[in-house]
Amino acid sequence: MTTVSDRLAELGIELPAVAAPVAAYVPAVVHAGLVYTSGQLPFSGGSLPTTGKVGAEVSAEDANLYARTCALNALAAAADAAGGLDRIAGVLRVGGFVASTSDFTGQPGVINGASTVLGEIFGDAGRHARAAVGVPVLPLDSPVEVEVTFILA
């Protein structure tokens, strides 16, 4: 069986450092065989790649990539809380939030960026329940935020 670390190496994915919280919370919590992550923004190198609304300043294609980054940030936070990447066995649920214009209805396609990368990493164990919700604004004017519930090995 391939480990999560091995699978990331095969995919050429390097997890980022755990993003520092922007308010009074922790990045992830372990409880009853699960790891719950706080909402993760698409921080890369310590900053957001862009701000604004999907359907206006941000394209759906770019937002999809930001959702992918959010999922990788969530995996990094979960691995840190769980005591190692290979303690993560799969994905239970993804919650995705898209700051979008009132006429934008492609939230599921945006959050597919998170779902797809988790599926690539975990295979069948990456199949999950999910919500993709449009909202008027997110913290720091981020276009996307993703939270993930992971299953421990």
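Rule-based calculations on the coordinates, nothing more; no lab input. Keep in mind that what you see is a predicted model, and the values were worked out from it rather than measured. Here Cβ is always computed from backbone atoms with ideal geometry, including for glycine, and neighbour counts include all displayed protein chains.
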Separation between Cα centres of region 32-75 and region 81-153, rounded to whole Å: 8
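With +1 assigned to the C-beta of every Lys and Arg and -1 to the C-beta of every Asp and Glu, and no other charges, what is the dipole magnitude of region 73-142 about the Cα centre in debye, to the nearest 20? Walk me through the intermediate numbers first.
Numbers: 4 positive and 6 negative charges, 41 e Å.
Charge dipole, region 73-142, about its Cα centre: 200 debye, nearest 20.
Might you report the magnitude of the Cβ-based charge dipole of the chain about its Cα centre, with Lys and Arg at +1 and Asp and Glu at -1, to the nearest 20 debye? Show your work: numbers first, answer last.
On the way: 7 positive and 14 negative charges, 71 e Å.
That gives a dipole near 340 debye.
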Could you tell me the relative contact order of region 1-103? Use alpha-carbon pairs under 8 Å, at least six residues apart, and round to a whole percent. 33
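Could you tally the net charge around A9, taking each other residue with its Cβ under 14 Å from the Cβ of A9, Lys/Arg +1 and Asp/Glu -1? Could the numbers behind the result be given before it?
Details: positive: R7; negative: D6, E10, E14, D86, E120.
So the environment of A9 carries a net charge of -4.
Mind giving me the FRET efficiency for A56 and R93? R0 is 41 Å, r the Cβ-Cβ distance, nearest 0.05 is fine. Intermediate values should be presented prior to the final figure.
Details: r = 29 Å, r/R0 = 0.70.
Computed FRET efficiency for A56 and R93 comes out at 0.90.
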Net charge near L92 (other residues with Cβ under 14 Å of its Cβ; Lys, Arg +1; Asp, Glu -1) is +1
Residue-normalised 222 nm signal for the chain, counting each DSSP H run of n ≥ 4 as -39,500 (n - 2.57), nearest 500 deg cm²/dmol, is -10000 deg cm²/dmol
Using only the alpha-carbon atoms, how far is helix 60-82 inclined from the longest principal axis of the chain? Give it as 0 to 90 degrees, nearest 10. 30
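Which of the GluC sites (Glu not before Pro) found in region 1-100 are loop residues per DSSP with 15 or fewer other Cβ atoms within 10 Å of their Cβ?
For GluC sites (Glu not before Pro) across region 1-100 that sit outside H, G, I, E and B with at most 15 neighbouring Cβ atoms in 10 Å, the list reads E14, E57.
Going by the alpha-carbon gyration tensor, a ≥ b ≥ c the square roots of its eigenvalues, is region 104-153 rounded (a/c under 1.5) or, if a/c is not under 1.5, prolate (a/b greater than b/c) versus oblate? Don't skip to the end; give the middle numbers.
On the way: a/c = 2.62, a/b = 1.87, b/c = 1.40.
Cα axes put region 104-153 in the prolate bin.
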